[in-house]
Each structure stands twice: as structure tokens, then as C-alpha cells.
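Structure first, commentary second.
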């Protein structure tokens, strides 16, 4: 997330902020996230003011949350999709149903609807879905997108469609097979994938891709749409955006427009301004509400310095939902080996004051778990049971005494530097210092995640952020705390604290083998409890989004499906 | 003269190679793992290794540098994997010499990125250069001629104010007030002459160029004032005046010509620096020039693009340095190149 991706992805996601990762989100409740004016208005031009460039518009490379959710509504239909609400229940999109599973969740089948077409008029076939799925395996060419399918088809020695031998391609085509009528695709995974439809709806790694359109890296910004809009000229400009116009080959009768995409505006004008100041200036424009900006929405959050301007009629055009992103602190298990010391850090954390330092209720909500509330996951008892969130220095001192360590106990706290984070981390330092620690703040810049993932770094505690890729804690807890895929001699990967627990890993394995989502969730709740007991993380806050929009925008809503960004499938403009 | 130019050009080539090498070394000295950044959010260590290989970062530094230098001379083809190229000719991107590499982040050659970005930067730099030269020299002369007067103090005072505010601040101020609040000018966005005509092109360049020109102009006012005053105190000026020459010819024909030499040097170097990308101005106004390309490639650790932009910037500086040196001989006959 944070606008810097650069991955972008990871860094972005974690930098607290803006874009990455997929679903999740929502928060705040559906009823609080809709604009007063929900009257549908068909026609006109919606302007999208975007303050960062997309890394690609190739479906198999897209990983930004807002891009995934918006392009799903506008350009790229999937086998299944999330409806425009907070339900987290998938509905059929290109497929006739939400998938049929067998063999305990290892095999999934989807049949394509009749009449679904690409913008060039050709039918979308099973082979297109098969080819799109295969491209993800070419991770020497199709770089940067989500690649969960690789781990679920890990028995294949398949290098992707560009380099595969006939034998390798045949093995893949058997594992991801098409029926003789070229309508039904069947995925034969190596292990159960209980929530596969959720993954297919959130991400685009199993979206169709037309082979004859593929030029590998050269297709990075080319768009062949199958949704209600198409890119004028066919090519997206990374730093300028594009104009989206109606796709004449899109047939609403093959869709469920009320659930998935109303497609109200005739034209959507994406204006990209990839400058550091663009976000604030976009919101200045929306506050001013000049005629040209009255039909505009933006990807940029209102800056805390602009909060005082959100009054009167401007406030009517403002929404403040919880984001899909959580921030947390990570104790370094190579340095803080005594659980009492880690518990003391958690006990002394002045979370309420920290949230105030971030900007208060409009910027963040204190969290009792690392899993976002949009995933309908319980608080972690290790952090929720104590908790007025004011920090308890006496309890922390007792824990340090129990640990038998000398006080003040030195702590080096690493975080990603920004003026706001400087203030927030100073609050944590003050709280911890009162509890018998001696905290040294260590702000870091661009290479933050590479630095803190090194196993031999000297940070005792580091800040991090994360968002789920689809509404399941499977995309939160294992990626962040399963040491096996993360830890090597040179890095701890996303497991920044180098946490490696047999008990936790065993629960992760059980969750991965689960044949249904409820069973999996129950196991993951136990896994989260284990993390809490070990203090593998200390939850901080759920980031909140702040959205403004023009006065002639209708149906402005944020949903879990839109990653708490504006739900573009519902938005229209008054003429 | 020619021997001098050839000698300087040869030194320039050596400097460019050195600049490229230093950029490579500095890039790999950072803690960042570009393969990890490119690979995506949830890559396993094995996948990061594959990405590292695909981007060529698994090779020793000298091999990567050698490949880059070879590409400059003979060109390259992408993807780097020969097997992929042979089996999928539709994927191949040909990058002729001097090939600066391939940006995986954007999916095209660095050459084409630079070709796309350069007109924006050149437009910005040229308009800004004209603005600051005209404004700087005129106000500088004015301050010198009226030395000690209210005009002099006013002009010098204004230059101090312009100096005091960083470009970033001035740019944001213009956008917040001139564009958004007062609505005097439309929100600027780069439009080519081919797309919008000369007027639209210039209208959109007005604010960014003026922002860029303002700080330079302040410097040029003070320099011009100082150089003109120095020239006016020379013996030959006193002689000209004592012979009854009028003020205007003395000022423009004799004093200003002598004062121009150091100004030309400054203008040449400043212009050359700008051609490498006006990083802050382009970033604030989101002008897709070499400056913005530099920022974006740096933040995404896109080595080929970083090296390409740095080389182009260095090229401009070196070439204009040589041209400035040569131009001395024409401006000031006392200078002889040897």
C-alpha cells in the first residue's frame, strides 16, 4: 500500500497506506458508507483524479487494491466477483455459478456463460481462462502480480506458456483443463483451496487473457476489455491515464448489473497526476467544487491538514470509512527472546495516545488484532482482554521484573519516517520509557522493508502494515508469520520479526488443508491466539480513509468489495 | 579550435563511462532488493530469485556493467532470455545502439522512455531559460544603472524573497492559489504543440516554467547587476565616457558585452542541468519529463532507467560545457582556445 509500490506492493501496502492488496476493507458499516444522494444518473462523464500511476493494466500483473476492484467493475470481468456491498459473498460473473468443488476443495470447476465477449467481438473461451492462469507461472516475464496459484500447483514444473516444453504444457493443461466444448474450466490443485472463489474474485490471476493479444512485457499497458467500458485507443498511459468509453460488445444480459456494475457514466476520464502534491491539490479542488470538478472523485485521501475545511456543504460530500489495512509492531525474535519482555511492550503501549497522534478518529481506529474487521475475525484475546488501550506501565514493570532483565531495558524502534509517524512513535517511546524501557527511535526511509527484513538487523521492534488479499485471514497470518517460506540466511521476508513457531506452523498447515471456509477460519483463530501468546505482533491501528467527491457525483459509496475506496460500479454523475 | 573540441569530447566520453559505473555501484550499494520490490507483495524467496535472474541482478556487477556497455555499442534484444525470444518472436523488443537498456517497470526500452520524456523537459527548460534570461538581465541592468536607488533596493529585495522560497513552495503556492483558488490559469498539464497548438502548449508551460525561472532569475539579477557594475568601473568605460559616448552605447555596447561572458557560462550550465530534468518542478506539476522519470525510476529501483537518465543528464552537462567554453572565443576576443 503506500503509494509507493513499488511494490511496490509490499512496501506500499505496509507503508500504511494507500493502494495495495486486495479486498478486505470496508469497515464502518455499509449504512454509514453511502452518500446521501444515491439516485442513479445514467450518462455523462465521471472524472477520476488519481495521484499515482498504476504499475500495469495487464490483469495478471495488477496488485493494487483499488485497481483490482475498479477494473473488475469497468474492464475485466472475472469468473466470479464480489457484489457492491460488504457481504464478502461471491456471485457469478463470467461463470454461470460460483464454482463447484470436489475432492475436499482440491478441484474447482467453473462454466462460462454464453454470450460473454472481448471488446473485439470474439467469445471468451475456457482456453482464454486457461491461458490467463498459465501466464502467472511465467514469473520471469509477468512480474509483480499475485501468484498464489503457484503454491497450489507447486507439483507442476511449469515455467509459463512462453518457455514450456510440450510435456510441461500438457501437464499444465491437464491440471487446469478445459472441457471439450471449451466452456468449462477445471482447476486440479495439489491441496485443498477452500476459499478459492474468494481469491478468484479479489485477484485476477485466474482471469481470462486472449493468447493472440499477448505480447508479454509489451502488453503491460494494453487493455483488451470484456467489461462495460474499454480504453479509448486500447493503451493506458502510465502517467496520464486514459478515457474509458462504452464497450459495445458488452452485453448486460450476461451480467448482473445491479449487483456487480451499474456502469452509469457514458465516459470515465482517468486523469493521473503522479506528483507528491497531487493528492492534497485534488482534495483542494474537490473542496472548492469548481464546475469542472463537480463530477470528480479521487483516489487521494484528504490530508489531516485539510480536515478543518470539511465543514458545511463540504461535509455532505465526505466519507470516512475504515480501510482494509492494519498497522502493527513486530518484536524481533532474534533479539527479544523472553516473552515477558514482549508482553511488557504490549502492556505498556499507549495506543489511544498513538491514535491521537496519527490524527485521531478520522485517521485511525485502535485495533486489537492484526486481522482487519472487514474479515469478520475476532479480536486477539492477548491484546483485547486487558484493555483500555491507555498502556499500563506498572503491569509492564512487573513483567520486566519477572523476566529478570536489567532496567531501563534498551529498545531500538524502527519505523518508516514521516512527520506523522515521527509524532506517533514519540508517543510510543514516552509510554515505553515510563514502563522501564529506554527507547531509541530509528526512522528509516525508502528501503524500509528491505532493511527490517534482514535477520541480523539490530532493531528490537519495527513498525509494519498489511492488508488482506481476499477476505480470509489465510492472506494475513501465514504470509506474515509462517517462517518456512519467509526465512532464509539473508532475509526474513514478510516475517519481519523472524518469528518461527512449530505450533503456529502446524496450525497454518491444518488451515491450509481445511476443506471448508468455516473450519479454516476456526483454525486460524487458534493460530492468531498462538501469535498473541507469543506476542509475535502488537496490534496498532486500522487505517481510515477520508474521501471527498464532487457535488454532482451520485451513489458515492465505499464497500468491502471496493477495498473501502469509492465503489465505482455504483457511481454516476448528474447531467 | 578543432583539436580542442576533439580533446574535450574524448574526455567527455570517458566521463560518461565513469558516471555510468558510479551509478551502477551506488545502485547496488543501497539496502534495497530491487528484485523483491519488482516481484510483488507476497513472493516466496524462490520467486524472488527467479525475478532476480529475469532482471539480470543475479549477475556480478562487472558482468551487468559489461552487458550495458556492449548494448550501448551494438544494441540489445529483450527479453534477455534467448530461448524465450526464439520461441516467441512477438515478445521481442529490439533496442538498437546506443541501447540504454530495458525498463521492466514500464515494459519498454529506456531509449523510448527518454525520447518520450525529453520534449517535455526541453520545452520546460527552454521557456524557463528565456524567462529568466530576459527577466534576470533586464532587472539586473536596471538595478545596476540605478544603483543605490529605490529601484535598485526594490529589485534586489525581491530577488532575496525569490531566493528564500524553495521551488517546491513556489510551485505549490501557484497551484493552490493561482490555479485552484483564484482560477486565473487552468490546471497545467503538458500538451504538445502537435496536440494543442502553440498557444495551448505555452499556456500550460507558463506556470511550471515561471516557477522554474523564478529562482534562476533571482540569481541572474544579482549577477548581472554585479557584472555590469564591475564593467562600468573599468578604465575603458571611463575612457569611452570621457570621449563623449552616450550612456546607452556605453552600457549596451561595451559594459554589457564584457559582463555577458560569465553569464553565458552560468546560463549554459544551468540550462544543461535543467535538460537532465527539472526534478522538483516536474514532480510537483506532474510534467512527464526526465525529472519525473528520474523520481519514478528511483522510487521503483529501476536501474536501467536510472542509469539512462543519469547518462543523458551528464551528456547534456558535458556537451554544453564544451559549447560554453568554445563560445567564449566568440564573445570575448581576449579568450583563445588552445
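Any read-out appearing in this document is the output of simple, stated calculations on the displayed coordinates, not a laboratory observation. Everything numeric here is computed off the predicted structure, so don't read it as measured data. Backbone-built Cβ (ideal geometry, glycine too); neighbour counts: all protein chains shown.
According to the Cα gyration tensor, what semi-axes, each the square root of 5 times an eigenvalue, does the equivalent ellipsoid of segment A:487-575 have, listed from largest to smallest in whole Å? All intermediate terms of the calculation are to be shown ahead of the outcome.
Details: eigenvalues 313, 65, 30 Å².
So the three semi-axes of segment A:487-575 are 40, 18, 12 Å.
Can you tell me which of A:90-96, B:44-50, B:194-200 comes out highest on packing, and rank the rest after it, using the mean Cβ neighbours within 10 Å?
Ranking the peptides A:90-96, B:44-50, B:194-200 by packing returns A:90-96, B:44-50, B:194-200.
Nearest 500 deg cm²/dmol is fine: what mean residue ellipticity at 222 nm does the protein assembly as shown get from its DSSP H runs of n ≥ 4 alone, each adding -39,500 (n - 2.57), divided by its residue count?
-13500 deg cm²/dmol
Would you work out if segment B:195-338 is rounded, prolate or oblate? Take a ≥ b ≥ c from the square roots of the eigenvalues of the alpha-carbon gyration tensor; rounded if a/c is under 1.5, else prolate when a/b is larger than b/c, oblate otherwise.
Prolate, since a/c reaches 1.5 and a/b exceeds b/c.
At residue B:206 and residue A:87, where each label point lies 7 Å from the Cα along Cα→Cβ, what is the point-to-point distance in nanometres?
Calculated label separation equals 5.4 nm.
Using the alpha-carbon atoms, what tilt in degrees (0 to 90, nearest 10) does helix B:303-331 show relative to the longest principal axis of chain B?
30
To the nearest 0.05, how large is the calculated FRET efficiency for residue A:362 and residue B:319 if R₀ is 45 Å and r is the Cβ-Cβ distance?
E(calc), rounded to 0.05, equals 0.30.
At a 10 angstrom cut-off on C-beta neighbours, averaged per residue, how do the peptides A:456-469, A:192-205, A:366-379 rank from highest to lowest? Spell out each step's value before the answer.
Working: A:456-469: 24.1, A:192-205: 26.1, A:366-379: 22.0.
Final packing ranking: A:192-205, A:456-469, A:366-379.
Expressed as a rounded percentage, what relative contact order does chain A have, with Cα pairs under 8 Å and six or more residues apart?
25
Mind running the shape call on chain B? Use the C-alpha gyration tensor, a ≥ b ≥ c as the square roots of the eigenvalues: rounded below 1.5 for a/c, prolate if a/b tops b/c, oblate otherwise. List each step's numbers first, then the result.
Working: a/c = 2.80, a/b = 1.78, b/c = 1.58.
Verdict is prolate for chain B.
Between residue A:430 and residue B:53, with labels modelled 7 Å along Cα→Cβ, what's the label distance in nm to one decimal, could you check?
A separation of 5.3 nm, rounded to one decimal place.
Could you give the nm distance between label points at residue B:183 and residue B:77, where each point is 7 Å from its Cα heading toward the beta carbon?
Spacing of the two 7 Å Cα→Cβ label points: 5.7 nm.
Place a point 7 Å from the Cα of residue A:516 along the Cα-to-Cβ direction; which residues of segment A:98-112 have their backbone N under 20 Å from it?
A:98-109
Take the Cβ-Cβ distance between residue B:245 and residue B:194 as r, set R0 to 60 Å, and report the resulting FRET efficiency rounded to the nearest 0.05.
Details: r = 49 Å, r/R0 = 0.82.
Here the calculated transfer efficiency is 0.75.
Find the percent of Cα-Cα distances in segment B:218-261 that exceed 14 Å, and round it to a whole number.
Tail fraction, whole percent: 44.
Rule-of-thumb check for the protein assembly as shown: C-alpha Rg over 2.2 N^0.38 Å?
Numbers: Rg = 30.2 Å, N = 913, 2.2 N^0.38 = 29.3 Å.
Its radius of gyration relative to the 2.2 N^0.38 Å reference: 1.03.
Would you mind checking the tilt of helix B:256-275 against the longest principal axis of the Cα atoms of chain B, expressed as 0 to 90 degrees and rounded to 10?
20
Please state the equivalent ellipsoid semi-axes for segment A:90-209: what are the square roots of 5 times the Cα gyration tensor eigenvalues, largest first, in whole Å?
20, 18, 14
Using the 10 angstrom Cβ neighbour count as an exposure proxy, how do B:82, A:429 rank, fewest first?
Neighbour counts put them in this order, fewest first: B:82, A:429.
Once you have the Cα-Cα distance between residue A:256 and residue A:313, take 0.36 nm times their residue separation minus that, and quote the gain in nm to one decimal.
Length gained between residue A:256 and residue A:313: 17.1 nm.
Quick check: the angle from helix A:339-348's long axis to the longest principal axis of chain A, C-alpha only, nearest 10 degrees?
Orientation of helix A:339-348: about 80 degrees from the principal axis.
Assuming R0 = 30 Å, can you tell me the calculated FRET efficiency for the pair residue A:509 and residue A:390, based on Cβ-Cβ distance, to the nearest 0.05?
Between residue A:509 and residue A:390 the formula returns 0.20.
Is the C-alpha gyration tensor of segment A:157-299 telling us rounded, prolate or oblate? Criteria: a/c under 1.5 is rounded; beyond that, a/b larger than b/c is prolate, otherwise oblate.
Details: a/c = 2.26, a/b = 1.93, b/c = 1.17.
Prolate is the answer for segment A:157-299, as a/c is 1.5 or above and a/b outweighs b/c.
Working out 0.36 nm times the residue gap between residue A:181 and residue A:213, then minus their Cα-Cα distance, what length gain in nm do you get to one decimal?
Numbers: separation 32, 0.36 × 32 = 11.52 nm, distance 2.21 nm.
Stretched out fully, the residue A:181 to residue A:213 stretch lengthens by 9.3 nm.
Round to a whole angstrom and tell me the spacing of the C-alpha centers of segment A:443-519 and segment B:70-124.
37
With the cut-off at 32 Å, report for segment A:52-272 the share of all Cα pairs above it, as a whole percent.
Details: 2932 of 24310 pairs.
When all Cα pairs of segment A:52-272 are counted, 12 percent exceed 32 Å.
Defining a contact as two alpha carbons under 8 Å apart and six or more residues distant in sequence, what relative contact order in percent does chain B show? Please report the intermediate quantities before stating the final value.
Values: 416 pairs, mean separation 78.0, N = 338.
This gives 23 percent for chain B.
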